[in-house]
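S.K.: Got a structure here, written out as structure tokens. Questions coming.
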Amino acid sequence: MSASQLELVFLGTGTSHGVPMINCDCRVCRSDDPRDHRNRCGLAIRTSAGKVLLIDTPTELRLEAVACDIRRVDGILFTHGHADHILGLDDIRRFNDVIGGPIDGYSDEATRRRLRVIFGYAEVPYELVATFRPCMRFHLVEGPFSAAGLDITPIPLLHGQDEVLGFRIGNFAYCTDCSAIPPASMELLGGLDLLVLDALRHTPHPTHFNLTGALEIVTRLKPRRALFTHITHELPHNETNAHLPRGVELAYDGLRVTVPA
Ligand SMILES: [Zn+2]
Ligand SMILES: [Zn+2]
Ligand SMILES: [Zn+2]
């Protein structure tokens, strides 16, 4: 990896149920293709300096970190407070141990409130918790900020009625869990090398883009490449990819992509 690149590791690309879904015998849930198996949605970003940022702490964080060989975490960007995006937070204890201190978490106010209700035990001085608890230092995102040496622009998105955050770093943006992008946020998403975007399934959904809606956004923003995530069992990997336009693909668990920083 050259000095000015980021390595993105897709930890999970599944919707909140995960794929295979409990008690489902559909052909995607029963598929032999590992790219049809989707853990809950999250991303790791490795900087050229060797620091690692997570986007969200999905339910299967430990399994994903082990599978993707994520050995450290220096900060966490939270998109929103839904269970599938935060319930793996307890697993960051191991990363506290590795870096020898608290981990910085960045979120909006609503998400921080949710994190404090569920993981209030993680917000105590590091010296007191040893490795028995996760240890977080929460920061409120109110505008552009820096983490792990990267300049980050929050992108307000609509997830049904809820406002959630996407993040832009250089010419890469990650926008999961959204059903609409307000005009002011579309302005923040021009000139992208890579857009990662929610594309739940074929059928419409009140709080997520379906494939058609996600493709409309890609047509308007014209990123060089788009990868879709937060996918249900409605979309078989190979078959769906074969029908997508050039430069647009479904992401899959374990996918690694390098982008300019
Ligand atoms: Zn979700
Ligand atoms: Zn299924
Ligand atoms: Zn959500």
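The values are calculated or read from the model by the stated rules, or taken from the named source; none is laboratory data. Given the structure is predicted, the values throughout are model-derived calculations rather than measurements. Cβ sites come from the backbone with ideal geometry, for glycine too, and all protein chains shown count toward neighbours. Each accessible area value is taken on the protein alone, full model and side chains, heavy atoms only, with ligands, DNA and RNA left out. Shrake-Rupley method; radii C 1.70, N 1.55, O 1.52, S 1.80 Å.
S.K.: Which residue fluctuates most in the GNM of the chain (Cα springs below 10 Å): Ile22, Ile45, Ile118?
M.R.: Ile22
S.K.: Rounded to the nearest 20 debye, what is the charge dipole size of the chain about its Cα centre when +1 sits on each Lys and Arg Cβ and -1 on each Asp and Glu Cβ?
M.R.: 300
S.K.: Antiparallel DSSP bridges in the chain: what percent, to the nearest 5?
M.R.: Around 55 percent of the beta bridges assigned by DSSP in the chain are antiparallel ones.
S.K.: For Phe95, what accessible area in Å² do you get when you roll a 1.4 Å probe over the heavy atoms of the protein chains, rounding to the nearest 10?
M.R.: 10
S.K.: In the range 29-112, what percentage of the DSSP-assigned beta bridges are antiparallel, given to the nearest 5?
M.R.: 40
S.K.: Could you give each residue of the range 34-45 its phi-based ³J(HN,Hα) in whole Hz, using Karplus coefficients 6.51, -1.76, 1.60 with θ = phi - 60°, and x for Gly or Pro?
M.R.: x, 6, 8, 9, 10, 7, 5, 7, x, 9, 10, 10
S.K.: For the range 28-166, compute Rh as the Kirkwood radius over C-alpha pairs and then the Stokes-Einstein diffusion coefficient at 25 °C and 0.890 mPa s; write the answer in µm²/s, rounded to an integer.
M.R.: Rounded, D is 157 µm²/s.
S.K.: In addition: I'd like the accessible area for Arg62, computed on protein heavy atoms only with a 1.4 Å probe and all protein chains in place. Round to 10 Å², please.
M.R.: 140
S.K.: By how many degrees, between 0 and 90 and to the nearest 10, does the Cα long axis of helix 211-221 differ from the longest principal axis of the chain?
M.R.: Tilt relative to the chain: about 80 degrees.
S.K.: Moving on to the next point. Looking only at Ala199, Ala214, Ala49, which one moves most when the chain is put into a Gaussian network model with springs between Cα atoms under 10 Å?
M.R.: Looking only at Ala199, Ala214, Ala49, the largest GNM fluctuation is found for Ala49.
S.K.: What angle, in degrees between 0 and 90 and rounded to the nearest 10, separates the Cα long axis of helix 109-119 from the longest principal axis of the Cα atoms of the chain?
M.R.: Relative to the chain, helix 109-119 is tipped by roughly 60 degrees.
S.K.: Let me ask something else about it. Can you tally the net charge around Asp177? Count Lys and Arg as +1, Asp and Glu as -1, for every other residue whose Cβ sits under 15 Å from the Cβ of Asp177.
M.R.: -2
S.K.: How much of the accessible area of the chain, in percent, comes from carbon and sulfur atoms when a 1.4 Å probe is used?
M.R.: Of the solvent-accessible surface of the chain, carbon and sulfur hold 50 percent.
S.K.: Helix-derived [θ] at 222 nm for the chain: sum -39500 (n - 2.57) over DSSP H runs of at least 4, divide by residue count, nearest 500?
M.R.: It comes out at -5000 deg cm²/dmol, rounded to the nearest 500.
S.K.: Which of the peptides 23-33, 73-83 is most tightly packed, and how do the rest follow, judged by the mean count of other Cβ atoms within 10 Å per residue?
M.R.: 73-83, 23-33
S.K.: Shifting gears a bit: Run the dipole for the range 28-71 about the Cα centre, Lys and Arg Cβ at +1, Asp and Glu Cβ at -1, nothing else charged, and hand back the magnitude in debye, nearest 20.
M.R.: Dipole magnitude for the range 28-71 comes out near 180 debye.
S.K.: Next up: For the range 26-85, what is the largest minus smallest coordinate of the Cα atoms on each principal axis, given in angstrom and ordered from greatest to least?
M.R.: Extents along the principal axes: 42, 25, 16 Å.
S.K.: Then there is this: I'm checking a number: the convex hull volume of the Cα atoms of the chain, normalised per residue, in Å³. What is it?
M.R.: With only Cα atoms used, the chain gives 123 Å³ per residue.
S.K.: If amide hydrogens are placed 1.01 Å from N in the peptide plane, which non-local residues have theirs closer than 5 Å to the one on Val124?
M.R.: Met136
S.K.: Moving on to the next point. So if I place +1 on the C-beta of Lys and Arg and -1 on the C-beta of Asp and Glu, and nothing else carries charge, what would the dipole magnitude of the range 91-225 be about its Cα centre? I want it in debye, nearest 20.
M.R.: Once rounded to the nearest 20, the dipole reads 280 debye.
S.K.: Near the amide H of Val248, under 5 Å away, which other amide H atoms are found, from residues 5 or more places off or on another chain, if H is placed in the peptide plane?
M.R.: So Val248 has HN proximity to Ala226.
S.K.: Heavy-atom accessible area per residue, the chain, 1.4 Å probe: how many Å²?
M.R.: Heavy-atom SASA per residue in the chain reads 44 Å².
S.K.: If you build a Gaussian network model of the chain, linking Cα atoms that sit under 10 Å apart, which residue out of Arg46, Arg114, Arg168 swings the most?
M.R.: Arg114
S.K.: Which one of Tyr252, Ile99, Leu63 has its Cα pushed farthest toward the positive end of the charge dipole of the range 5-260, where Lys and Arg give +1 and Asp and Glu give -1 at the Cβ?
M.R.: Farthest towards the positive end: Ile99.
S.K.: Amide H of Tyr106: which non-local residues (sequence gap of 5 or more, or other chain) have their own amide H closer than 5 Å, using H built in the peptide plane?
M.R.: For Tyr106, whose amide H was placed from the backbone, the distant partners under 5 Å are Ile76, Leu77, Phe78, His139.
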